[in-house]
Every structure is written in C-alpha cells, then in structure tokens.
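Note sheet for the following structure.
The values are calculated or read from the model by the stated rules, or taken from the named source; none is laboratory data. Worth saying up front: this structure is predicted, and the values here are computed from it rather than measured. When we count neighbours, we look across all protein chains shown, and the Cβ atoms used for this are built from the backbone with ideal geometry, even at glycine.
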C-alpha cells in the first residue's frame, strides 16, 4: 500500500500478536509507517519553518500617507486561524488623513459578521509625550480592518474613528502596532 497522506488519511492494518510477520507483510508495514511519518514531518516541518510560520506582508493602508514612514506586517496561518501583527512608524512626511484602515493578509471569513467585531488591539506610542494609548482593531469588511479609539467624554466609553487629531495629533516618530486574530475566509 502506498500512503495517501496529505491528500487523504491513511488506513493501516494493525497486526495482532497471533499474526505472522508475513500477514501483514512486516517490511511493507514498516515502509508504510516510515513513509507516513516522513509525510507528517514534511507537512509540519522542524522548528517554525512551515506550520504557523510568520510570513512578511505589506498591508494596504486607508487614510494614511506613508511618506518616509516605515510599515511592516507579518502573519501566521494555521488552518483557518490567522494571527497578524504589524507596525507603522510615522516619518516626517507621513500623515493620518482619516479613519485608519489596514488590509488583512488573508480575507476574513463572513461568519465574523462584518459588524465591527473586535479582532484585536492596537497600541499607539505618542513620541511627544511618551504615553501609550490603547486602541481597538475592528472588522470593517472581509478585506479591511479599522482602527478605533476610545472616547470617554460621555457617561460611557465609546469607540470613535481615528483622524488626524483622534486620539491625538499625530507626529513624526509616533508608532502604531496591531495584534489581531481572526478566522480566514
């Protein structure tokens, strides 16, 4: 029997104590198991080289002029689970022009609802004051995540869209990082 993994799961014959070494054939049994283990090792790999490996990607940004700022993104996917992190550092020619949007590396599954479901957190380091602001990353669509700030001016804290002055007046050196997880489409 040739193994069929990873296309399908293999079905092996389990010998019992009363079986002769020829039924099932002992050498074939070992060869099949060895082939199956090698196929599993190739699929899972060693260290972090395949399953769950972080891959660099460059997100598409909405309402941001990158200019001479820097942008990095990386993600790992295990089946339908996607973990995404990224960092945006504003340069002297960077600008926030409205509600910040970030493209995911893999489309987001429709079961997530497209209803501003929180996907993760953002941290905003304000280089002017040295303060750290916490923001949320919400699902805007299958192809866009939105960054929202907390406004506590009323009786209850509410999420509001980012802008050139929300949650602060953005400046050179400000750093936005995000950390989100979601189900892939």
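When the residues of the range 171-183 are narrowed to those that are in contact with a strand residue (DSSP E or B) (Cβ under 6 Å, 6 or more places away or on another chain) and surrounded by fewer than 18 Cβ atoms within 10 Å (Cβ to Cβ), which ends up farthest from residue 80 (Cα to Cα)?
175
As an exercise: evaluate residue 33 against (1) outside any helix (DSSP H, G or I); (2) within 27 Å of residue 78 (Cα to Cα); (3) modelled with pLDDT of 75 or more and give the number of the one condition it does not meet.
(1)
Residue-by-condition table, conditions (1) surrounded by 12 or more Cβ atoms within 10 Å (Cβ to Cβ); (2) not in a strand (DSSP E or B):
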residue	(1), (2)
106	yes, yes
111	no, yes
134	no, no
147	yes, no
160	yes, no
169	yes, yes
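With respect to residue 78, is the statement that it is modelled with pLDDT under 90 and in the same structural domain as residue 59 (by TED's automatic domain parsing) true?
Here the answer is yes, as residue 78 does meet what is asked.
Answer yes or no as to whether residue 91 is in a strand (DSSP E or B) and assigned by TED's automatic domain parsing to the domain that holds residue 179.
No, not satisfied.
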